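Following: one structure in structure tokens, then a few remarks.
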Amino acid sequence: MNPFTLISPPSLERALHEFAPGSQWIAGGTNVLDLMKEGVARPGRLIDITGLGLDRIETTEGGGLRLGALAPNADTAWHPLVREGYPLLSAAILAGASPQIRNMATNGGNLLQRTRCVYFYDLGAPCNKREPGTGCPAIGGLSRQHAVLGASERCIATHPSDMCVALAALDAVVHVRSAAGARAIPFGEFHRLPGEDPQRDSTLADGELITHIELPPAERFANHSAYIKVRDRASYAFALVSVAAALEFDAAGAIGAVRVALGGVAHKPWRRTDAEAVLVGQRPSDALFEAAADLLLEGATSQGQNGFKITMARRAITRALSTATAGTPRAGRNDGPGRPDLKEPQ
Ligand code: SF4
């Protein structure tokens, strides 16, 4: 590991003014420290933000929810307001990582975690994301985990988060601050596709810090949502494909509103409002869900080893929509509150 300095500013304002080129925010450190140990990231200065008071979870005046950037993932998933009002988010968080990691990892850090592409972590391999202009060996190489949608000739990496797939479906807004001021970023505009500059994962500018994530009111989806994650083993594995689905039905049993987002298939959570629009006003059926899946996956392309993801995603989309239609599953069998290695609900 390279030498670095560590500072712990006493206030948000001080932290924002301390940021300079070569600095790196650090909170839970569950990804940043891995990147530093592997030599992928070499910040000269770490700015510890854990004491800035950005860890609250509270309702907003508009009836939504405000998730502090520094609230641990576990506290967020088990918070009563999240479990009752946003069970889709709770399920997605609990599908990720391990209980120990969820206890350390923060909400802001979850959004900013980097791809798990093996070449990105291998300093002996070229990688456009790590060293722009060196190439992408995943194209034609080990591409089983990689993107089938939205990839570029420069990078075919996927975003690894489960939480972000639910946040995309729930129309979250990311609030950020810098020394220059504050701004709000709609979730669909927060992460980016790789394009010509895959080294940039998000639209966050240097020196900007996530303060909180805002969720609009979503009670209408609470009874009909599902997070389906398909992976190589039952826990502690990144998604090959994941689907966050949320539905609202009208009094006649037709779909009144719907959200569907995919994980594991692109450089960002994948969502298409035109695929959702074909469902609205219709009665649920496998044929209808398959039509939406076809639109969501339009343009999906195999990178050699990952063509199976296209069929897998199509089936996962229909399963997620069918599961959500039947009613929101509560407390998964692998993550139930009775397990002693989980934090108890708040
Ligand atoms: Fe690097 Fe992206 Fe290619 Fe992986 S897919 S080797 S992260 S450029």
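The values are calculated or read from the model by the stated rules, or taken from the named source; none is laboratory data. What you are looking at is a predicted structure, and each value in this text was computed from that prediction instead of being measured. FYI the Cβ positions are ideal-geometry reconstructions off the backbone, even for glycines, and counts take in every protein chain you see. The accessibility values were calculated without ligands, DNA or RNA, using every heavy atom of the protein model including side chains. Shrake-Rupley method; radii C 1.70, N 1.55, O 1.52, S 1.80 Å.
Listed values, structure above:
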| item | result |
| --- | --- |
| Single condition residue 203 does not satisfy, out of (1) more than 13 Å from the ligand (Cβ to nearest atom); (2) open to solvent by less than 40 Å² (accessible area, probe 1.4 Å); (3) polar (S, T, N, Q) | (2) |
| When residues of segment 36-82 are limited to those that are polar (S, T, N, Q) and touching a Ser or Thr at 6+ places or on another chain (Cβ under 9 Å), the one nearest to residue 97 (Cα to Cα) | 73 |
| Complete set of residues in segment 28-55 that are closer than 25 Å to residue 17 by Cα and in contact (Cβ under 8 Å) with a residue 60 or more places away in the chain | 28, 29, 30, 31, 32, 35, 49, 54 |
| First in segment 154-173 and under 19 Å from residue 193 (Cβ atoms), second anywhere and among the acidic types (Asp, Glu), Cβ under 8 Å, 6 or more apart | 154/196; 154/197; 159/201; 172/214 |
| Selection status of residue 310, at pLDDT 95 or above and buried (at least 22 other Cβ atoms within 10 Å of the Cβ) | no |
| Candidates 81, 88 - the one that is at pLDDT 95 or above, in contact with a strand residue (DSSP E or B) (Cβ under 8 Å, 6 or more places away or on another chain) and surrounded by fewer than 21 Cβ atoms within 10 Å (Cβ to Cβ) | 81 |
| Identity of the residue in segment 174-199, over 16 Å from the mean Cα position of the chain (by Cα) and free of Cβ contacts under 8 Å to residues at least 40 places away in the same chain, that ends up surrounded by the most Cβ atoms within 10 Å (Cβ to Cβ) | 176 |
| Residues satisfying the stated conditions in segment 171-192, i.e. over 19 Å from residue 238 (Cα atoms) and within 16 Å of the ligand (Cβ to nearest atom) | 192 |
| Helices (runs of 4 or more DSSP H) lying entirely in segment 95-170 (those with 1 or more residues that are within 26 Å of residue 210 (Cβ to Cβ), more than 9 Å from the ligand (Cβ to nearest atom) and polar (S, T, N, Q)) | 99-104, 107-112 |
